[in-house]
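The values are calculated or read from the model by the stated rules, or taken from the named source; none is laboratory data. Small disclaimer: the values here were computed from a predicted structure and weren't measured. Note that each Cβ is placed from the backbone with ideal geometry, even for glycine, and that neighbours are counted across all protein chains shown. Ligands, DNA and RNA are stripped out before the accessible areas are found, and what is left, the full protein with its side chains, is counted by its heavy atoms. Shrake-Rupley method; radii C 1.70, N 1.55, O 1.52, S 1.80 Å.
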Amino acid sequence: MSVAYLELENRLSENIEMTNMTFTTTGTAGDTTSGNDVAARADRLKNIADDKAMLRAVTELTRDLGTANPRIFWSDFLFSAFVGYAGLAVAILASPLWLKLGAGFISVLALYRAGGFIHEVSHMKHSSVPGFRFGFNAVIGVPLLVPSYMYEGVHNLHHARTRYGTNQDPEYLPLALMKPWTLPVFILLSILAPFALLFRNAVLAPLSLFIPPLRKRVVEQYSGLVINPEFRRRPAEGEARRNWIWQETAASLWAIALLAGVLTGFIPLDAFVIFLIIVSAVAVLNQIRTLVAHLWENDGEPLSVTAQFLDSVNVPPPAILPALWAPVGLRYHALHHLLPSVPYHALGEAHRRLSAELAPDSAYHRANYKGLPGLAYRLAKSTVLRGA
């Protein structure tokens, strides 16, 4: 769920040099030692044919895993949100610095996990977990100013067969093929998330109701959790439009109330600052996770399903830390691209079945990685070599 941060970030993102934005690959993308090899990986990627045995196994072995378990959804989500807000309260009210910092750290991790359910909301069949969309928005989406309409209808495009990795993909940039300075900029921009979201909801959204050109811009550019500055969102229709209206209205009223509370002294300034710091930290953590969700080696052309899978990342057990930085099924991001409708709590079982069934030379095993440090190093090295 990478955040779109309004005009400042759009301008900065538009200035990122998108090297060779014409997408060009025949094997796995291994580590390399030269800038030409980084480009060669991108060139090979687009020529990878589908591994039909793998895709057939994915279909046959996971038929019974597509149903969401409401008890798991609600208990996991509500417990994560409770811990997150409890940690936030302690961080605001406690006196000892060590307690503030410890509570803030716990709050960031728990709110990050609870916020991760926006991904499930965008994929789930809502009749399987009645009321979950409303519950997510009431508990997390509106209070943290990331209502689910900003992801629903946007994230799904990232899974479209002909859109993935192209300039029509809202959640893709060829980061491995870009300049080294783009990575720190990509992360640092996320610090601005709470300020941009407050401005979008408290100022731009209300004003746009009376200024049609501004409304068009708000809808197209400031209403999606995206990372691709070229992406323009279309207005929603039908039920999606109704969901958008009530969620945006609630978020705008909440943002206005927050700012009014601070200006009138009803909300202490130090409490508000701590809230902003924790939300910023959640956004930064998510942005770092986004950096290693893919290898980002596609330079712009449509890819086969297997190539999309190999450009994505699984960080399965025995690694432990991914449960914290890639929660709610995000540690199986590559597998999710093969099974987008399978709920997060079933992805672990799907991975175990496929790992046991598929031969060692199957493409499936080539999307598994050990952890965040190695993936981050690989991406940083690619940008350094590419920019050399």
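Separation between the VAL262 and ARG353 pseudo-spin-labels, each 7 Å from Cα along Cα→Cβ, expressed in nm?
4.9 nm
Give a residue-ordered list of calculated ³J(HN,Hα) values for segment 240-245 (Karplus: 6.51 cos²θ - 1.76 cosθ + 1.60, θ = phi - 60°; whole Hz; x for Gly, Pro).
4, 5, 5, 4, 4, 4
Count the lysine pairs in the chain that are 8 or more places apart or on different chains: how many have C-alpha atoms under 29 angstrom apart? Intermediate values should be presented prior to the final figure.
On the way: LYS46/LYS179; LYS46/LYS370; LYS46/LYS381; LYS52/LYS125; LYS52/LYS370; LYS179/LYS370; LYS179/LYS381; LYS370/LYS381.
Qualifying lysine pairs in the chain: 8.
So what is the relative contact order of segment 79-142, in percent, for Cα pairs below 8 Å that sit 6 or more residues apart?
Values: 52 pairs, mean separation 21.0, N = 64.
Relative contact order comes out at 33 percent.
List the residues whose amide H sits under 5 Å from the amide H of TYR332, counting only those 5 or more places along or on another chain, with H placed 1.01 Å from N in the peptide plane.
The answer is VAL315.
List, in order, the whole-Hz ³J(HN,Hα) value for each residue of segment 152-161 obtained from phi through the Karplus relation with A = 6.51, B = -1.76, C = 1.60 and θ = phi - 60°; use x for Gly and Pro.
Each residue's phi maps through the Karplus curve to give 5, x, 10, 4, 4, 5, 5, 8, 5, 3 Hz.
Report LEU93's accessible area, 1.4 Å probe, all protein chains in place, as a number in Å² to the nearest 10.
Taking all protein chains as shown, LEU93 has close to 140 Å².
Using only Cα atoms, figure out Rg for segment 241-373 and give it as a multiple of 2.2 N^0.38 Å. Don't skip to the end; give the middle numbers.
On the way: Rg = 20.2 Å, N = 133, 2.2 N^0.38 = 14.1 Å.
Rg over 2.2 N^0.38 Å, computed on Cα atoms: 1.43.
With only Lys, Arg, Asp and Glu charged, each at its Cβ (+1 for the first two, -1 for the last two), find how big the charge dipole of the chain is about the Cα centre; round to the nearest 20 debye. Walk me through the numbers on the way to the answer.
Working: 33 positive and 29 negative charges, 61 e Å.
Roughly 300 debye, rounded to the nearest 20.
Quickly work out the GLU237-to-LEU188 label distance, labels modelled 7 Å from Cα along the C-beta direction, and quote it in nm with one decimal.
Computed distance between label sites LEU188 and GLU237 equals 4.3 nm.
Ordered by residue, what ³J(HN,Hα) values in Hz, to whole numbers, does segment 101-109 give under the Karplus form 6.51 cos²θ - 1.76 cosθ + 1.60, where θ = phi - 60° and Gly and Pro are x?
5, x, 5, x, 4, 5, 4, 4, 5
Give me the log10 of I(q) over I(0) for segment 112-204 at q = 0.19, 0.21 Å⁻¹, as the Debye formula computes it from C-alpha points; what are the numbers?
The computed values of log10 I(q)/I(0) come out as -1.09, -1.19.
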